[in-house]
1. For the range 1-70, what is the charge dipole size about the Cα centre, in debye to the nearest 20, if Lys and Arg each add +1 at the Cβ and Asp and Glu each add -1 at the Cβ?
2. Give me ILE181, ILE193 sorted ascending by neighbouring Cβ count inside 10 Å, so fewest comes first.
3. Among THR179, THR196, which comes first, second and so on when ranked by fewest other beta-carbon atoms within 10 Å?
Amino acid sequence: MVRTIDLFIAAGMRASPELDRRLRAASVTADVLERQRRLWDAGGLSNPLQITREDVVRCFGPADSVSDKALVYDLELWPDHRFEWVGCGREVRIKDIVRPSRPVRWVSREEMWMPRGFLLRRTPSLPRWIPKEVRAVRDTFLPWYHTVAEIETVFGRPEGEDGWGQALEWRYSSTDDGTNIVFDFDFGLLREILATEGQAKSWNPSAE
């Protein structure tokens with residue numbers, strides 16, 4: 001039986017052939033995922049601004065690694081990875097859909113816990129520097145293996161970012177032809193590397 005944390009991740013990820021392959025190999029059907037979604041909604045996990053440490057442990061069981069600010073679970077569908085939940089304090093800033101440039105301050109009665117997402121179990125060997133060129137980036141980082149941690153190690157924080165949690169994009173200005181390099185993540189796991197035009201800068205809560 002696949003661990004509950006794996007089913008939670010799979011149910012929240014966007015569809016892809018890679019995800020389908022892993023689910024088939026573990027005999028996980030769409031009905032199983034839909035049933036789990038309903039259970040998590042009933043358990044309070046549908047609102048990421050109201051999840052507590054107790055909610056995480058109640059839904060997924062004891063973590064494999066525990067600290068005051070983190071709960072880390074080993075994964076079965078992704079055996080090279082672990083999944084981390086982190087305590088974020090009682091206050092966060094979230095993007096206002098009507099006024100994207102003005103984040104909204106959200107204060108909770110209890111400390112909020114959010115999924116930081118995928119972590120590699122073993123630290124990979126990476127170059128200290130690579131040019132911000134699409135070809136070099138694609139030769140270095142592997143979709144469905146590397147995570148936000150490895151991208152940040154090489155390039156630092158993004159010039160622009162959109163989304164959070166399940167669907168996140170990091171953007172960097174390319175140095176070769178003026179395009180942007182876009183890293184597309186599912187729960188912090190690299191999904192795709194894209195090249196787009198336009199400014200890389202967008203609303204970035206970490207820069208404010």
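1. Details: 11 positive and 10 negative charges, 25 e Å.
For the range 1-70, the charge dipole is close to 120 debye.
2. On the way: ILE181 26, ILE193 18.
Fewest-to-most Cβ neighbours within 10 Å comes out as ILE193, ILE181.
3. Values: THR179 18, THR196 12.
Taking fewest neighbouring Cβ atoms as first place, the list is THR196, THR179.
Read-outs: derived from the displayed coordinates by stated rules, not from any lab. All values reported here derive from a predicted model rather than from experimental measurement. Here Cβ is always computed from backbone atoms with ideal geometry, including for glycine, and neighbour counts include all displayed protein chains.
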